[in-house]
Amino acid sequence: MLLGMTSEPEQQDGVGEPDGFQRLWTPHRMAYIQGENKPTGPGAGDGCPFCAIPAKSDEDGLVIHRGEHVYAVLNLYPYNSGHLMVVPYRHVADYTDLDAAETLELAELTKHAMTALRAASGAQGFNIGLNQGSVAGAGIAAHLHQHVVPRWGGDMNFMPVVGHTKVLPQLLADTRKILADAWPR
Ligand SMILES: [Zn+2]
């Protein structure tokens, strides 16, 4: 199913702050990743959410796609509707820490994410990138994650249509399913 688009910008109840800043590239807002449950230490077993997500079901973890080395997951606190992240399973902080296979699959899944978002929501543009280090706005700096944020002109987007009638967890569950179905095979 195609996600409906509104004809004018609307408030995103519970999804984001519907102000003028939403039209700007504000990477600091991307710090809010998968809850405020930040890791308690540097290791993979220290409460890192990106290490914990793959052990959950797709539905509970909001996992959209599981690759061999890398997975795609919906952001629990999206900058924009459909905001997802492409994440290596391995707990590494820096892009230069990725091995060749991880680097390749991170790039491939980023492409697939764009394809899925275009198919599902008619995304007109994207902001894609890595916040490397806390000083650069990374919320979970210890485990790198590539943001893929769909953009629309004026950022009218697809969630407000149902956003007025559903609570956020249901919105995210619906978005996850739609993107998983639209993911290239
Ligand atoms: Zn981790």
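Rule-based calculations on the coordinates, nothing more; no lab input. Remember, predicted model here, so these are calculated numbers, not experimental data.
In sequence order, the stretch 173-183 has phi-based couplings of 4, 5, 4, 4, 4, 4, 6, 4, 5, 8, 5 Hz under the Karplus curve 6.51 cos²θ - 1.76 cosθ + 1.60, θ = phi - 60°, and Gly or Pro positions carry x. Close amide H partners of VAL70, meaning residues 5 or more places away or on another chain with modelled amide H under 5 Å apart, are TYR89.
Proximity of backbone amide H atoms, modeled 1.01 Å from N, is registered between VAL92 and LEU144 at under 5 Å, excluding neighbours fewer than 5 places apart on the same chain.
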